[in-house]
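*Asks:* The structure under discussion is supplied below as structure tokens; questions concerning it will follow.
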Amino acid sequence: MKHASNRRVGVVVAVLSGLTLAAAASTTAHADDRSDAIAHRGSSGMAPENTAAAIDLAVDQRADFVEIDVQRTKDG
């Protein structure tokens, strides 16, 4: 039974550590209480998504982050 109780303590410590790290990351990432603007697939509402034009427009619109989908083509 001692082995099972040590395992339980390990699980509790791991969960509490994860929660502490998540809380710390959350508070430091948004210390200025503002939301980050993330341009999903560039500025896809105003330009074809996942294109250089959409990325350029997102940058012009002052997006904090730009996320695009990337795929390798058949010809490499």
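*Asks:* Tell me which of these His30 doesn't satisfy, since it passes every other one: (1) surrounded by 11 or more Cβ atoms within 10 Å (Cβ to Cβ); (2) modelled with pLDDT of 70 or more.
*Replies:* Checking His30 against (1) surrounded by 11 or more Cβ atoms within 10 Å (Cβ to Cβ); (2) modelled with pLDDT of 70 or more, the one that fails is (2).
*Asks:* Scanning segment 47-76 for residues that are in contact (Cβ under 8 Å) with a residue 12 or more places away in the chain and polar (S, T, N, Q), which turns out surrounded by the most Cβ atoms within 10 Å (Cβ to Cβ)?
*Replies:* Top of the filtered list is Asn50.
The values are calculated or read from the model by the stated rules, or taken from the named source; none is laboratory data. The structure presented is a predicted model; accordingly, all values stated were derived computationally and were not measured. So basically every Cβ, Gly included, is an ideal-geometry build from the backbone, and we count neighbours across all protein chains shown.
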